[in-house]
1. Quote the FRET efficiency, to the nearest 0.05, computed for A:S32 versus B:A394 with a Förster distance R0 of 30 Å and r equal to the Cβ-Cβ distance.
2. Could you report the accessible area of B:V446 in Å², rounded to 10, computed with a 1.4 Å probe on the protein chains as they sit in the structure?
3. With Rg and the Kirkwood Rh both taken from Cα atoms, where does Rg over Rh land for the range A:73-139?
4. Work out, step by step, the length gained on full extension between B:S365 and B:R153: first 0.36 nm times the residue separation, then minus their alpha carbon distance; give nm to one decimal.
5. What is the distance, in nm, between label points placed 7 Å from the Cα along the Cα-to-Cβ direction at B:R465 and at B:E293?
6. For the range B:180-197, in order, what is each residue's ³J(HN,Hα) by Karplus, 6.51 cos²θ - 1.76 cosθ + 1.60 with θ = phi - 60°, in whole Hz (x at glycine and Pro)?
7. Heavy-atom accessible surface, probe 1.4 Å, ligands and DNA/RNA ignored: which residues of the range B:239-253 lose at least 40 Å² versus the isolated chain?
8. Students often get this wrong: which residues of the range B:336-375 have the backbone nitrogen under 18 Å from the point 7 angstrom along Cα-to-C-beta of B:R328?
Amino acid sequence: MDPQLTEVSQQFERFKAAFVRKDYNSCSDLLSQLKVLLTKFRSLPPLFENTPYAAQELTIARDIYEHAVVLSVKTEDQDAFERDFFQLKPYYVDARNRLPASPQENLILGLNLLRLLVQNRIAEFHTELELLSSATLENPCIKHAVELEQSFMEGAYNRVLSARQTAPDATYVYFMDLLAKTIR
Amino acid sequence: MTQDVEMKDNQTPSQSIISSTTSTMQLLKEIAALIDTGSYTKEVRRIARAVRLTIGLRRKLTGSVLSSFLDFALVPGSEAHSRLSSFVPKGDEHDMEVDTASSATQAPLKHLPAELEIYCYFIVLLFLIDQKKYNEAKECSSASIARLKNVNRRTIDVIASRLYFYYSLSYEQTGDLAEIRGNLLALHHSATLRHDELGQETLLNLLLRNYLHYNLYDQAEKLRSKAPRFEAHSNQQFCRYLFYLGKIRTIQLEYTDAKESLLQAARKAPIAALGFRIQCNKWAILVRLLLGEIPERSIFTQKGMEKALRPYFELTNAVRIGDLELFRTVQEKFSDTFAQDRTHNLIVRLRHNVIRTGLRNISISYSRISLPDVAKKLRLNSENPVADAESIVAKAIRDGAIDATIDHKNGCMVSKETGDIYSTNEPQTAFNSRIAFCLNMHNEAVRALRFPPNTHKEKESDEKRRERKQQEEELAKHMAEEDDDDF
C-alpha cells in the first residue's frame, strides 16, 4: 500500500474518532491537515490521473469531504459548508463512472438544497435540481427539500413548520430551525 | 472546362442512373474548382457558396460518386486519400470505369490546397451521417478536427464551422457527448485566438448544447457570460444561441428575459426548422405560464404544431381555470412527454400559479367566503386544509395577487369591494401610459426615418437647408414641451 495513502487513512480514522466524540475543535484541525495531504494525490480532480491506487484515493477523498460537509453543519458554519460542498461535487458529477455511488450522496445533496433554500438562492436551487435524475428526486432526503420549496412558494408555512418533525436526518434539523426562524 | 466536355462524351445517355451520378460528379467538380479559386484568391465568399451548393447536393451523394470524387480531388496514395476512402463503400464496376477514365484524363493537381482536403473530409462526413453510420462518422470527424488544428487560414473557417457541427452531432448520436467537451473548449480557445468569429459562434453553441445535454446549467451560464459576444454571422447559429440562452434563464428563474429570447428565437428561426420552432414554443409557453400570462390560442394552432403542443395546451387550460385537480391529471397523463422534453421540473413549479389563479377567481366571485370553503374549492388535499388555506391566502394577499383581508375570528376571507373604478385615478394612469406609448412610438418612427442622402442636395442651397434644420429643431422642441405639458 502506498505510504501516503496509509497516512491519510490513519489520520482520517483519528478524525472520525474525534467526530464521534463530538470534539469539533480537534476535528477541524485534523480536517485541515487532511486536506493538505489530499493535495498530494494526483488521481483526484481536476487531474484525474490513472495512478495504481486511484479508486481508493478517490473514495477516501470523497469520504473526507462528505465528513467535512457534515462537520460544517454541526459547527453551523454555512460558508464552510459551501466550500466543502463545491470540493465534493466533482466526485459526484465527474467521477461518477470511476466510483460506486456513495451511500451519503443523497443526504448531502439534500442538505445542499436546503442550504440554498435557507439562503434564499432559489435560482441556484433550481439549477441544482435540474442536475438530478428522476430516480434521485424520489429519494426521501431530496424529496423533503423539494416539497419544502413548493410549500414555501405557495405560502403553506404551517406545512414547512410541521416538516421539521419529518426531517429524514438529524443534520437537517439545523437548517430547518433556520427556516422556521425566517418564517416567523 | 475541356475535361467536362470529355466527361460528357464518355457517358452513355441511355443509362439514367449513370447520367445522374455523373452529373452529381460534375457538380462536385465545379464545387472543387470553386474552392480552388477561392483558396487561391483568398475569397471567403466563394467557399461559402461551395458549402451552400454541397448542402443542395446532399441527397444525391452515393458511395461511388464520393470515392471517384476523392480520387479526383486528392492525390491517390496520400495519407488523407487512403484514410477517407476507407470510409466510403466502393461503387460497382461500371461506375468505377467511368470514373477512372475521367480521372485519368485529369492532370493530377500539383499542389493540393488545404481547403480542398478539408472539404473532402466534410463531404465524406456528410455522407456518413446521412447513412447513419455514426461510429464511422465519429472517426472521420475526429480525424478532420485533428487535421484542422494544423491549418490556420481564414478561408477554411466556413467549412471548419460546419465540420465542428457534424463532429458534435456524430458524438451526440452515439451518446458520448461528454467526451469531446475538452476538445471543443480547446477549439473554441484557438478559434478565439485566430479571430475566427464564425467558428467561435458555432463552437459556443455546441458547448452550450453539450452542457445542457447533461443539465449543467451552472457551467453553461458561466461559459456564456464569459465568452466574447459580437455581431452574429449566421442566423441559424444566432437562433440556437437565443434558444439556449432562454433555457438557461428559465432554469434560473429570470422569466422575463427568458421569454424575450425564446420568442425571438422562435420568430427568427427559418420556416423549415419545424422541430426547432416547436421546442422554442414549448419553452416559451411554459415561461409565459410561469410569468402568470396565458398564451393565446393561436400559438397552439400553428401549422404543423397542433399535435406536438397538445399537452401544453391542456396544461394551459388547467392553469387558466385554476383547477388543481385538472392540473394534476394533465400532469400525470402527459408525464412521459414532459419527461422527454425535460420540462417536468418546470411544470412542478407551475402548481403555485394554478393555486394563485384559483384563488383570484374565488376572490372575484365571492365577497366573503369561509376558509374551509376556500380549501375545498382549491381542492387542497392535505391533513389540515384550513390552516393551509389560511396561510396561502395570507401570502397571496401579501404578494398583492388578491385584494382581500382575513377575518381570523370567524375564519373567513373578505374580499374588498372593487367599487367604481372610474371614481379613482386608475383610468387616468391607464390613459397616461397609453398616450406615452403612442408618443414614444411616433418619436421612434421619426428618428428611424431615413432619407436618401443626395435627393435634396442639388435643389436646396446651404441656406435653405439651415433654415429647414432650424424649423425641425423648433418642431422637436415644441413636441418635447407638449409632452411635458401633458404629464
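The values are calculated or read from the model by the stated rules, or taken from the named source; none is laboratory data. Worth saying up front: this structure is predicted, and the values here are computed from it rather than measured. Virtual Cβ from ideal backbone geometry, glycine too; neighbours counted across all protein chains shown. To get the accessible areas, we keep the full protein, side chains included, count just its heavy atoms, and leave off ligands, DNA and RNA. Shrake-Rupley method; radii C 1.70, N 1.55, O 1.52, S 1.80 Å.
1. Between A:S32 and B:A394 the formula returns 0.05.
2. Around 80 Å² of this residue is reachable by solvent.
3. Over the Cα atoms of the range A:73-139, Rg/Rh equals 0.95.
4. 69.3 nm
5. 4.5
6. Values per residue, Gly and Pro as x: 8, 4, x, 4, 4, 4, 4, 5, 4, 4, 6, 5, 5, 5, 8, 6, 8, 6 Hz.
7. B:I251, B:L253
8. B:336, B:347-359, B:372-375
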